[in-house]
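Everything below concerns the one structure shown next.
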Amino acid sequence: MRREIPLFLTIFFGCMMVIGFFVPHPIVNEARSRVEEWTIILAAAAVVLGVANVARIHMHKISRRDRDFQYSFPLLFALFLMILLGIVPKDWITSMGFPAGGTDEGSPFDWLYNNAYVPMQGTMFALLAFYIASAAFRAFRIRTVEAALLAITAVLVMIGRVPVGGSISNWFNGLIHLDLWTLPEIQQWIMDIPNLAAKRAILIGAALGAIATSLKIILGIERSAIGGD
Amino acid sequence: MIKNRTPLPASPSSAKRLALSACSGLVLFLGLAALLATSAAAAVPGLVVRDNPDDRGEAILVEWDGEAAGDSVRVERAESEAGPWVMRRALPGSAARFVDQGEGGPERGKTYFYRVNGQVLSATPTAQWWNKGRTNLFLILALYLGLIMVFLNIARKGGSLFIRKIAGLDAMEEAIGRATEMGKPVLYVPGIDDANNIQTIYSMAILNSVAKMVAQYDTELIVPLAKAFVLPLAEETVRSGYMDVGRPDSFRADNIRFLSDEQFAFTAAVNGIMLREKPAANLFLGSFFAESLVLAETGFTTGAIQIAGTANIHQLPFFVVACDYTMIGEEFFATSAYLSREPMLVGTLKGGDMMKLVIMVFLVVAAIAATMGHSEAFRSLLVIR
């Protein structure tokens, strides 16, 4: 029964969602909307599980004195501080002299979010620029014919997308007195024709894979996702 | 006897009254004539008021000939022919249609009267049992399902079905073996999307296969999660993988870790795991976004074997560059069939391949038809409402 019940629920609700897509009648549609509402409620309840998981793992780490256990202290402190600031009555916080309570603008929760979390998130995102540079350096090393093609295409697209690409083309065309394709035109052609064709091919394949996977799960052919063979 | 009477001279006040009455009559006459003329001019040609098709019965469609209609069209609604009329919308004549729905829209089963530039017509919204605008999609889905069933049947009967080599999937066992030799853990990241994304659900199916391999080798498996909703799913999947190979004792619940549902907090935490616990194999299989390169590059610096797979095409270049193996789009969805070689799963995979063939044939025919100037017929076949 441990595997049959989840399988039955998957098949039942999966079929209901598919039928609801084709049948607009309120009898089917309202049931579908209700199921979607349940999903939201379940997702909200799952946050409790998530918090419990974080707390359990880090408490275990501290109690076992695992490697780097000291980092678990600030994590648990920040976790419980934010929960506390978010759930204590707003009046208590305002009575302590803060302009607002709860998660409202100006509350300590809001201040910590904007002044601690947001800058840290920005820092992480900013790292992406350096990672792109290092990844591009490796990707454009010309070792094979394919790598050479990739590097040439990338250079054409990169130069064609900045104003200097247009200037170089105009200067060159003027020099040889010919009306050849400019770098912006070449990069546009690369993006619109070969790139788009490949992208669409991948998209069609991925979409078909997604549909097949959904059907397999709904029909109970693929059961490993619900913990069973 | 009729007496010839000289009419009495009208008093100045009665003459004024007479003139006033004549003028009023004239004004009234002209006003009525003008009103009639205006009504005739503003009549909406081709006006049709009917139940909006293929919906749940909460909308009425007002249509008219957009080319022949005047400058503006006023749509008013009432519950009886006598009114009172409620203004619903004033539109330019060229709009050609108005769907009365949403806030203050019609109720199912109730008859409404619509006055459109003076013309009154009625309609009753009703719910439909089938959305005709999606019949084409239903037929495509039925064809796809039919193909899957055919190949499923072939696979059940023991027919041989070929799957091409996918290097990334072949390397998975090698990566786990390497981690075992080095005595280091395997990191499995199932993306950062929720359980309502098919990639996340499918990632759980792959996780099950990975958990079995890892359990057989008795290696540590770390699964960081970005969505709390995925946590019980991942926990159960890994646990069942360990149980299936008879090693339930090796399962460690503490290794299925919910980190944060904030994208870059999650990324930072996974990077921390990579740098501190130094997994020997990193598997990124699921739905990824801007964090893909940050994760893959950090993994690269730690020297781990990295295998990625996603259907989010914008992240594929990043994985291709930074990982040893990348499964592109459909390859990702072939993983569980490829790893398990279970006939039922392989059958569905071949059904998908056949559908791709059907699409390719359709695209070639459509391209030829479009070249010959018949693209409209194909386009109308594919419109989904």
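Derivation of every value follows stated rules applied to the coordinates shown; laboratory data play no part. Worth saying up front: this structure is predicted, and the values here are computed from it rather than measured. Cβ coordinates were reconstructed from backbone atoms using ideal geometry, including for glycine residues, and neighbour counts include every protein chain displayed.
Tabulated results
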{"read-out": "Placed amide H near B:VAL189: partners under 5 Å, 5+ positions off or other chain", "value": "B:LEU283, B:PHE284, B:LEU285"}
{"read-out": "Inter-label distance, nm, simple model (7 Å from Cα along the C-beta direction), B:ALA369/A:LEU76", "value": "6.7 nm"}
{"read-out": "Relative contact order (percent, whole number), chain B, Cα cutoff 8 Å, 6+ residue spacing", "value": "14 percent"}
{"read-out": "Binned Cα-Cα distance frequencies in segment A:85-229 - 10 Å width, integer %", "value": "9, 16, 17, 17, 20, 14, 5, 1"}
{"read-out": "Farthest toward positive dipole pole in the protein assembly as shown [+1 Lys/Arg, -1 Asp/Glu at C-beta], among A:GLY220, B:ALA211, A:TRP171", "value": "A:GLY220"}
{"read-out": "Positive dipole terminus of segment B:48-123, leading residue within B:GLY83, B:GLN119, B:PRO53 (C-beta point charges)", "value": "B:GLY83"}
{"read-out": "Pairwise centroid distance, computed over Cα atoms, of segment A:149-193 with segment B:304-363, Å", "value": "34 Å"}
{"read-out": "Cα-Cα separations in segment B:258-317 greater than 19 Å, expressed as whole percent", "value": "24 percent"}
{"read-out": "Square roots of 5 times each gyration tensor eigenvalue, C-alpha, segment B:91-191, largest first, Å", "value": "59, 24, 13"}
{"read-out": "Size of electric dipole in the protein assembly as shown: Cβ of Lys, Arg +1 and of Asp, Glu -1, about Cα centre, debye, nearest 20", "value": "1040 debye"}
{"read-out": "Projected-area mean, the protein assembly as shown, by convex hull of Cα positions, square nanometres", "value": "53.9 nm²"}
{"read-out": "Isotropic mean projected area of the C-alpha convex hull, segment A:89-128 (nm²)", "value": "2.7 nm²"}
{"read-out": "Alpha-carbon centroid distance for the pair segment A:8-83 / segment B:179-227, whole angstrom", "value": "18 Å"}
{"read-out": "Spherically averaged projected area in nm², based on the convex hull that wraps the Cα atoms of segment B:164-333", "value": "8.5 nm²"}
{"read-out": "Computed over chain B, the ratio Rg/Rh where both radii use C-alpha atoms and Rh is Kirkwood", "value": "1.32"}
{"read-out": "Sequence-distant residues sharing a close amide H with B:VAL73 (under 5 Å, placed H)", "value": "B:LEU91, B:GLY93"}
{"read-out": "Integer Hz, Karplus 6.51/-1.76/1.60 couplings in order for segment A:6-12, x for Gly and Pro", "value": "x, 5, 4, 4, 4, 5, 4"}
{"read-out": "Exposure proxy ranking, count of Cβ atoms within 10 Å, fewest first, for A:HIS60, A:HIS25", "value": "A:HIS60, A:HIS25"}
{"read-out": "Packing-based exposure ordering (other Cβ within 10 Å, fewest first) of B:LEU293, B:LEU47", "value": "B:LEU47, B:LEU293"}
{"read-out": "Mean residue ellipticity (222 nm) of chain B, computed from DSSP H runs ≥ 4 via -39,500 (n - 2.57), nearest 500", "value": "-15500 deg cm²/dmol"}
{"read-out": "For B:219-232, mean number of other protein chain Cβ atoms within 10 Å", "value": "3"}
{"read-out": "C-alpha center-to-center spacing [segment B:77-106, segment B:137-156] in angstrom", "value": "46 Å"}
{"read-out": "For segment A:1-87, diffusion coefficient by Stokes-Einstein and Kirkwood Rh (Cα), 25 °C, 0.890 mPa s, µm²/s", "value": "148 µm²/s"}
{"read-out": "Linear extension gain, B:SER122 paired with B:GLU174, 0.36 nm per residue minus alpha-carbon span", "value": "11.6 nm"}
{"read-out": "Surrounding net charge for B:PRO125, when Lys and Arg each add one and Asp and Glu each subtract one, Cβ distance under 11 Å", "value": "-1"}
{"read-out": "Options B:VAL321, B:TYR338, B:GLY93, ranked by Cα towards positive dipole end of chain B, top entry (Cβ charges)", "value": "B:GLY93"}
{"read-out": "Footprinting exposure proxy for B:LYS132, B:LYS110, B:LYS165, B:LYS227 (fewest neighbouring C-beta atoms within 10 Å first)", "value": "B:LYS165, B:LYS110, B:LYS132, B:LYS227"}
{"read-out": "Hits among lysines - C-alpha to C-alpha of B:LYS212 under 22 Å, sequence gap 8 or more where chains match", "value": "A:LYS216, B:LYS165, B:LYS184, B:LYS278"}
{"read-out": "Neighbourhood net charge (10 Å Cβ-Cβ; Lys/Arg +1, Asp/Glu -1) for B:ASP254", "value": "+4"}
{"read-out": "For chain A, size of Cβ-based charge dipole, Lys and Arg +1, Asp and Glu -1, in debye", "value": "900 debye"}
